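Trainee: Encoded as structure tokens, here's the structure I'll be asking about.
The values are calculated or read from the model by the stated rules, or taken from the named source; none is laboratory data. Model, not experiment: these values are computed from the prediction. With ideal geometry, Cβ positions are generated from the backbone for all residues, glycine too; neighbour counts draw on all protein chains shown. Just the protein is used for accessible areas: all its heavy atoms, side chains included, with ligands, DNA and RNA removed. Shrake-Rupley method; radii C 1.70, N 1.55, O 1.52, S 1.80 Å.
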Amino acid sequence: MSTVDWKNYTPVLLPDIKDLHKIDVYIKNGGYKALKSVLTDKKSWDGPKAVIEEVKSANIRGRGGAGFNAGLKWSFMPPADGGPRYLACNGDESEPGTFKDRKIFEYNPHVFIEGALIAAYAMEITTIYVYIRGEYKTYIDMVENAIADAYNKGYIGKNIFGSDFSVDFYVHSGAGAYICGEETSMLESLEGKRGYPRVKPPFPAQKGLWGRPTTINNVETLSHVTGVINNGAEWFSGIGAKTHPGPVLYGISGHVNNPGVYELPSGIPVLDLIEIAGGMRNGKKLKAVIPGGSSTPILRADQLDGITMDSDSLRTVGSMLGTAGMVVMDEDTDIVDVLWRISHFYHHESCGQCTPCREGTGWLEKILLKIKNGDGEVRDLDLLLDVTTQMEGRTICALADAAAWPVRFTINRFRDEFEARCKKKSHAVA
Amino acid sequence: MPEIFIDGHRYEFEGDHKVLQFIQDLGKEVPFFCYHPSMTAPANCRQCMVKAGQYMKDRETGEYEVDENGERVIRWFPKLQTSCNLMAADGMVILTQETDELVQRAQKDNLELILINHPLDCPICDQAGECPLQIQTYKYGPEGSRFEVKKVHKPKRIQLGPRVVLDAERCINCTRCTRFTQEISKTDQLTITSRGDKNYPTTAPGREFDDPYSLNTVDICPVGALTSADFRFKARVWEMNQTPSIDITNGKGTNIDLWTRDNLILRVTPRFNAEVNDHWMPDAGREAYKIFNENRISRPQQKLDGEQILSSWNNAIATLSEEIAATDNSKIVVIASPHASVEENYALSKYTNLLGLNQPVFTPHIEEGTGDDFLLSDDVAPNANGCRLLGFTELDKASIKKEIKKAELVVILHDNLIDREVIAADDLKEKFVVVFATNNSDTSKAADLVIPITTAAEHAASYVNVDGRIQRTYRAKETKYTERRLDLEMSEGRLDRYGTNFDNWVTEDNKIDCLPVWKFINRISEHSGLECNFNDGREIMDEIASTLDSFTGVSYAAMDEQAGIQLSIKKETSTSK
Amino acid sequence: MAYEFTKEDLREIEKIKAKYPEVMPATLPTLWVAQRRFGHVEPEVQRLVAETLGLPEAHVHGVANFYTQYYKEKKGKHVLDVCTCLSCQLCGGYEILHHLEETLGIKAGDTTEDGTFTLNQVECLGACGYAPMLQVTNDKYVNHLTKEKADELVDKLKNGEEPDYEQMKMPQHKNI
Ligand SMILES: Cc1cc2nc3c(=O)[nH]c(=O)nc-3n(C[C@H](O)[C@H](O)[C@H](O)COP(=O)(O)O)c2cc1C
Ligand code: SF4
Ligand code: SF4
Ligand code: SF4
Ligand code: FES
Ligand code: FES
């Protein structure tokens, strides 16, 4: 059982400060100190490499879903050769159950901007793009304003804080495509194309935007960088779960009383998190939880004892932290309907580039619709499982996996409910 | 040298190789759809899966690591890999469907998925018989389908452009067609529209797919989604036979295949030649099949009282011999042709030499604006350089006109000088005009004697393209005097071999009464007591190669082996007017 | 109808182009400029975008058709995008959708005869904690929907009023 002390935790990304989105308020509360420090305090920061080392040892695990150590990722950038280098910030946030990055855009855009600028310095980036899903029009405007303010203050642009570091920072709006959250699809979309994920290798660090070295990080990941620079790597790695440390923006939705985004240390017990979110709605019993966005394997209530919100703990019961967007389902939830709806999502969002995903996502949805409508047969469940194995690990990007896992795990973990729905038909026929 | 192990066999390699291409080059196979050697590899069909790993080497010694049984240690990639974009590396281990069950399974699974929304209408699909999807399903696919829900429906019979028709339901989204317009023809006329399983290729709304190279997309489409508006439903592939040839409608000398059924050429497709046209050809050249079938001159014709009437070969030979004998040598002009092969031109010139006539003259056929930076040149004749290398006198239009003016007997070899406005019909008035021609034209109509000759589809002969490459054709179509079954060099399709006169497609109607120029020369020489005895193009070429320096080393065998031979030409002459 | 960008649009497009090392990246933002100007990106507008940027028409067409937020055909004056995805489904997204179908007398995907409303069923809009919710014409989110709140919204829009921006409070915070 984890001993994460979350009751005394004070938020750092989304602190309770009025008008923090205004640059002056942000500065008054210590904003842009971290950036100034890495750029001008040569004693503390011996060049970009030192920043990368600090971030690496903080072990900020990517908050976009894959959980990769941000500093380590940065270190994959090839040495600067005088040509352009890019940082692409991922604010596409489209995985069902995920709605956290928008909170940063809304309440504290500068913590993200500052973090991205520090990352840019560390990797000798020349231009930063933040890709925000088009539906977030309101937040796009807010981020654009914040960036304009930072330009005005001289925090973005030429020779920031009198140093020889210069960088540009632009917002690129999406236009309705979940797949553009996949990092290489995002690059294609930034390049003005259909959001087809790229085949890897080459990896973006070698050939990213316009064939140049590029790093992609989630918006929350980058926002944490500011705190790491201000407070040190040890501070960050001392928060929450050891192997997956730091504050996490948990997005909690579904059948709880107070859904919303909560900033708390990683590694909070799942059941505590439900309590934090006000407990189950209408006093209903918990049936299941999807811990980190729709693609992470569903967990039955009986699997949750002692399980905490970090990758290691969730792995023991066969799930993942993903985006930490937790969807809570009560006892009245129709799991068949839920799985069909998830499959509908992935079918709708498959870019259609590669065979197993283009064809498989539709097939999964159609079989599930048949089952949902009471026309399924038990053998359809095995067919579904077969189709998932035909998709997994055989595609260009991970959307196919994201579509397959929920089907596989939901059927495995709620097989009786699916069989019951299938048998209805058999009885009706008899 | 770096080594790679494929299905347990060791191969050495140098340089960069994609594993799929490497395997193909070994003459082995891995099924695939989206990969095309001349375009980028999007790896989107996911059919070419292999199991890949790496023999581990000890960092220090550089020796392979071995386990306790003395077997080399392999580190397998965690997932199956698409071989089309996997680069061969030293010590790489590859297992294909030949040796690995997981690979077999993956390929089968993928085919099942490709087929779930596929209409499976092979019986009415043009692609059937040459369909990679059909072939690979047969070889590697599942026995049946478990897909019992509704298929996705998409637009069918869409006229994408004047020459290309789309059936989007058959499309497997390999993006070969869109990549072709982006990377090869560079017109950017096609895109994939929509998303997911609704994807299909299209033009911009209201725009036509009129890319001058559009029909290449039909060739590379791995299914029957893109079909040729012209060829659609005309023939099944297995009814035709396929013969290598050269595009005679342009100076580029694009390598092609002629597809014949019952002695009609039904379609023209490009044939790979890395030095000339890669895998491609312009749409314009595909129209050429009509030249071989339609509007042909069959039997010699002679003018009688201003009317051309059918004559006989004996009559034609006698008439021409008499005309030559009756005309002062200085009043005879022989016009050779950039539209005729090297052999035809040579045979004619040998005969006229024996007669003691002047060297033939010729004028190139340039149409300004035809050329592009790709596979079309302004020179629209296939053999202007052949004429030059044979040492014929090159004249511009005005000089040709002057030569004709001076002459009383004009012999024109296969060149529609009137149609292409080098001369006017009036320029030939009051002269005896002999035209060797394949098709009726204003020029042939102006002739007093028309000698019907074989087209490039009916003889084996060589052409020297604008870049100086000599390449040859094969006999694809019988004439009245040839017989496919007796000619070892002629290809035979299923119908040719097994068809009977009771089959729908077997008739005698489509054989033209014409002769190769050299056969005619043989007969007329014999008539005049001269020594010309040409058996076939191959022998003529041997004779040319042994007598003319510019053709040293050229032979049919050498051309066949090297897909043509580069000759040295003076570059500036190839573009002169 | 011939579509044309205003001088102001063209200035904006120039500014957009300056953000990237090439022209093609301007495709998405320019389609946005066009959609804001004309209310849709029908084929003729796609053509205008292609011409303005000097990019192939097929490219612009392919891009416009990849992204769901671009209106490839004319829509109602107000487009109601009701989320029925996972969290919204759990919290009654479909009930809201069906309620609106009844109120407006149209099916999801259709436009009312008077051209005022288009009703769509859409995928997760990133407001899962405030489910069920909808988005109005690619702009404001309306959260925590009830049938009553949906009706109010319809009335408001009919009266020519715009929905307010709803700031969703951080549940842990007291002040903001
Ligand atoms: C289908 C798919 C969708 C994704 N969507 C998002 C997203 O919306 N936001 C995000 O930050 N990462 C998303 N990712 C993960 C990104 O590909 C990438 O791993 C991440 O942005 C890297 O940032 P991080 O290392 O900071 O997490 C997605 C991945 C896949 C396969
Ligand atoms: S897995 Fe799906 S989303 Fe990813 S590239 Fe393939 S088709 Fe597109
Ligand atoms: S494309 Fe191939 S598999 Fe499909 S119907 Fe045509 S011949 Fe059959
Ligand atoms: S039409 Fe043919 S070539 Fe084009 S994407 Fe479809 S299958 Fe590939
Ligand atoms: S040929 Fe390799 S993925 Fe298509
Ligand atoms: S599920 Fe509706 S906003 Fe996320």
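Trainee: Run the helix sum for chain A: -39,500 (n - 2.57) per DSSP H stretch of 4+ residues, divided by residue count, reported at 222 nm to the nearest 500 deg cm²/dmol.
Mentor: Per the formula, -13000 deg cm²/dmol.
Trainee: Here's a follow-up. I'd like the GluC sites (Glu not before Pro) in region C:1-106 restricted to DSSP loop residues with at most 14 other Cβ atoms within 10 Å, sorted by number.
Mentor: C:4, C:22, C:73
Trainee: Strictly over 20 Å apart at the Cα level, which of B:290/B:519; B:18/B:198; B:331/B:431; A:366/C:74; B:331/B:405 would you flag in this model?
Mentor: B:290/B:519; B:18/B:198; A:366/C:74
Trainee: Considering only the other residues whose Cβ falls under 13 Å of the Cβ of residue A:40, what net charge follows from Lys and Arg at +1 and Asp and Glu at -1?
Mentor: So the environment of residue A:40 carries a net charge of +1.
Trainee: For a quick check: with amide H placed at 1.01 Å from N, whose amide H comes under 5 Å from residue B:264's, ignoring anything fewer than 5 positions away on the same chain?
Mentor: none
Trainee: For region C:35-74, list residues with backbone N below 18 Å from a point placed 7 Å from the Cα of residue C:23 toward its Cβ?
Mentor: Those under the cut-off are C:45-64.
Trainee: If you don't mind, there's one more thing I want to ask. Name the most mobile residue of A:202, A:259, A:356, meaning the one with the largest mean-square fluctuation, in a Gaussian network model of chain A with Cα contacts below 10 Å.
Mentor: Evaluated over chain A, the most mobile residue of the options is A:202.
Trainee: Please report the spacing between the Cα centers of region C:107-166 and region B:299-316 in Å, no decimals.
Mentor: 86
Trainee: Quick one: go through region B:312-348 and flag any residue whose amide nitrogen is under 14 Å from the point 7 Å out along the Cα-to-Cβ line of residue B:548.
Mentor: B:336-348
Trainee: Moving on to the next point. Can you show me the helix-derived [θ] at 222 nm for chain B, built from DSSP H runs with n ≥ 4 at -39,500 (n - 2.57) apiece and divided by the number of residues, rounded to the nearest 500.
Mentor: One gets -6500 deg cm²/dmol as the mean residue ellipticity at 222 nm.
Trainee: If you count only protein heavy atoms with a 1.4 Å probe, what accessible area per residue comes out for region B:246-401, rounded to a whole Å²? All intermediate terms of the calculation are to be shown ahead of the outcome.
Mentor: Values: 5630 Å² over 156 residues.
With all protein chains present, region B:246-401 gives 36 Å² per residue.
Trainee: Additional query: What is the helix-to-structure angle for B:517-528, meaning the angle in degrees between its Cα long axis and the longest Cα principal axis of chain B, kept from 0 to 90 and rounded to the nearest 10?
Mentor: Here the helix axis deviates by roughly 30 degrees.
Trainee: Restricting to the protein assembly as shown, compute how many DSSP beta bridges are antiparallel as a %, nearest 5.
Mentor: Given both bridge residues lie in the protein assembly as shown, the antiparallel proportion sits at roughly 60 percent.
Trainee: Residue by residue through region B:481-497, which ³J(HN,Hα) values in whole Hz follow from phi under the Karplus form 6.51 cos²θ - 1.76 cosθ + 1.60 (θ = phi - 60°), with glycine and proline marked x?
Mentor: Per residue, the Karplus-derived 3J(HN,Hα) values read 10, 10, 9, 3, 5, 9, 9, 4, 7, 7, 7, 10, x, 4, 5, 4, 7 Hz.
Trainee: Next question. A 32 angstrom limit on the alpha carbon distance is what I want to check against. Which of A:49/B:79; C:19/C:169; A:370/B:154 exceed it?
Mentor: A:49/B:79; C:19/C:169
Trainee: Separate question: Taking H placed 1.01 Å from N in the peptide plane, check which residues at least 5 places from residue C:78 or on another chain put their amide H under 5 Å from its amide H.
Mentor: Correct list: C:117, C:118.
Trainee: Right, next: In whole percent, how big is the carbon plus sulfur part of the accessible area of region B:290-376, probe 1.4 Å, protein atoms only?
Mentor: For region B:290-376, the apolar C and S fraction of the accessible surface comes to 44 percent.
Trainee: For region A:252-358, with only Lys/Arg (+1) and Asp/Glu (-1) charged at the beta-carbon, what is the dipole magnitude about the Cα centre, in debye rounded to 20?
Mentor: Magnitude of the dipole: close to 280 debye.
Trainee: Once both axes come from the Cα atoms, what is the angle between helix B:101-116 and the longest principal axis of chain B, in degrees from 0 to 90, rounded to 10?
Mentor: 70
Trainee: Could you report the accessible area of residue B:76 in Å², rounded to 10, computed with a 1.4 Å probe on the protein chains as they sit in the structure?
Mentor: Around 90 Å² of this residue is reachable by solvent.
Trainee: Magnitude of the Cβ-charge dipole of the protein assembly as shown, K/R +1 and D/E -1, about the Cα centre, nearest 20 debye?
Mentor: The dipole magnitude comes to about 2220 debye.
Trainee: Oh, and also: Determine the relative contact order of chain A: mean sequence separation of Cα pairs under 8 Å and six or more apart, normalised by residue count, in whole percent.
Mentor: Computed over chain A, the figure is 16 percent.
Trainee: Relative contact order for chain B using alpha-carbon pairs under 8 Å, separation at least 6, rounded to a whole percent?
Mentor: Values: 1169 pairs, mean separation 62.5, N = 577.
Here the relative contact order equals 11 percent.
Trainee: Over chain C, with a Gaussian network built from C-alpha contacts below 10 Å, which listed residue (C:21, C:29, C:132) shows the highest mean-square fluctuation?
Mentor: Maximum among the listed residues: C:21.
Trainee: Calculate, for residue B:89 and residue A:75, the FRET efficiency according to 1/(1 + (r/R0)^6) with r their C-beta to C-beta distance and R0 22 Å; round to the nearest 0.05.
Mentor: After rounding, the FRET efficiency stands at 0.40.
Trainee: A further question on this structure: With θ set to phi - 60°, apply the Karplus curve 6.51 cos²θ - 1.76 cosθ + 1.60 along region B:349-365 and write out the HN-Hα couplings as whole Hz, x wherever there is a Gly or Pro.
Mentor: 5, 5, 4, 5, 4, 4, 6, x, 7, 4, 3, x, 10, 8, 10, x, 10
Trainee: Mind pulling the angle between the C-alpha long axis of helix C:27-38 and the longest principal axis of chain C? Nearest 10 degrees, somewhere in 0 to 90.
Mentor: Roughly 70 degrees, rounded to the nearest 10.
Trainee: Also, I was wondering about something else. Whole-Hz Karplus ³J(HN,Hα) for region C:78-87, in order, using 6.51 cos²θ - 1.76 cosθ + 1.60 and θ = phi - 60°, x for Gly and Pro?
Mentor: Running phi through 6.51 cos²θ - 1.76 cosθ + 1.60 with θ = phi - 60° gives 10, 9, 9, 9, 8, 7, 10, 6, 2, 5 Hz.
Trainee: Excluding residue C:57 itself, calculate the net charge of residues whose Cβ lies under 10 Å from the Cβ of residue C:57, where each Lys or Arg counts +1 and each Asp or Glu counts -1.
Mentor: Every neighbour counted, the sum reads 0.
Trainee: Can I ask one more? Expected output is a single nm value to one decimal: the length gained when fully extending between residue A:334 and residue A:378, i.e. 0.36 nm times separation in residues minus the C-alpha distance. What is it?
Mentor: Here the answer is 14.1 nm.
Trainee: Given region C:78-158, what percent of its DSSP beta bridges are antiparallel, to the nearest 5? Each step should come with its number before you reach the end.
Mentor: Details: 6 of 12 bridges.
Antiparallel: roughly 50 percent of the beta bridges in region C:78-158.
Trainee: Let me ask something else. Pop the C-beta distance of residue C:166 and residue C:103 into the FRET formula with R0 = 25 Å and round what comes out to the nearest 0.05. Could you put the intermediate results ahead of the total?
Mentor: Working: r = 21 Å, r/R0 = 0.83.
Calculated value: 0.75.
Trainee: At a Förster radius of 56 Å, what calculated FRET efficiency corresponds to the Cβ-Cβ distance of residue C:151 and residue A:68, to the nearest 0.05?
Mentor: Numbers: r = 47 Å, r/R0 = 0.83.
The computed FRET efficiency comes out at 0.75.
Trainee: Still on this structure: Tell me which GluC sites (Glu not before Pro) from region B:1-91 have a DSSP coil assignment and no more than 13 other beta carbons within 10 Å of their own.
Mentor: Counting only loop positions with at most 13 other Cβ atoms within 10 Å, the GluC sites (Glu not before Pro) in region B:1-91 are B:14, B:60, B:63, B:68, B:71.
Trainee: Which listed residue (B:86, B:407, B:342) has the Cα farthest towards the positive end of the charge dipole for chain B, taking +1 on Lys and Arg C-beta and -1 on Asp and Glu C-beta about the Cα centre?
Mentor: About the Cα centre, the residue reaching furthest to the positive side is B:86.
Trainee: Follow-up. Please tell me the relative contact order of region A:248-330 in percent, rounded to the nearest whole number, where contacts are Cα pairs under 8 Å and at least six residues apart.
Mentor: On the way: 174 pairs, mean separation 30.7, N = 83.
Computed over region A:248-330, the figure is 37 percent.
Trainee: With springs connecting C-alpha atoms under 10 Å apart, model chain A as a Gaussian network and identify which of A:103, A:73, A:28 has the largest mean-square fluctuation.
Mentor: A:28
Trainee: Which pairs in the list A:193/C:72; C:77/C:107; C:72/C:156; A:372/C:75 are over 22 Å apart, alpha-carbon to alpha-carbon?
Mentor: Working: A:193/C:72 17 Å; C:77/C:107 16 Å; C:72/C:156 26 Å; A:372/C:75 32 Å.
Among A:193/C:72; C:77/C:107; C:72/C:156; A:372/C:75, the Cα-Cα distance tops 22 Å for C:72/C:156; A:372/C:75.
Trainee: Divide by every residue of chain C the summed helix terms, -39500 (n - 2.57) for each DSSP H run of at least 4, and state the resulting mean residue ellipticity at 222 nm, rounded to the nearest 500 deg cm²/dmol.
Mentor: After summing the helix terms and dividing by residue count, I get -12000 deg cm²/dmol.
Trainee: Which net charge results when you count Lys and Arg as +1 and Asp and Glu as -1 among the other residues whose beta-carbon is under 11 Å from that of residue C:158? Walk me through the numbers on the way to the answer.
Mentor: Details: positive: C:77, C:156; negative: C:114, C:151, C:152, C:155, C:161.
Taking every Cβ under 11 Å from that of residue C:158, the sum is -3.
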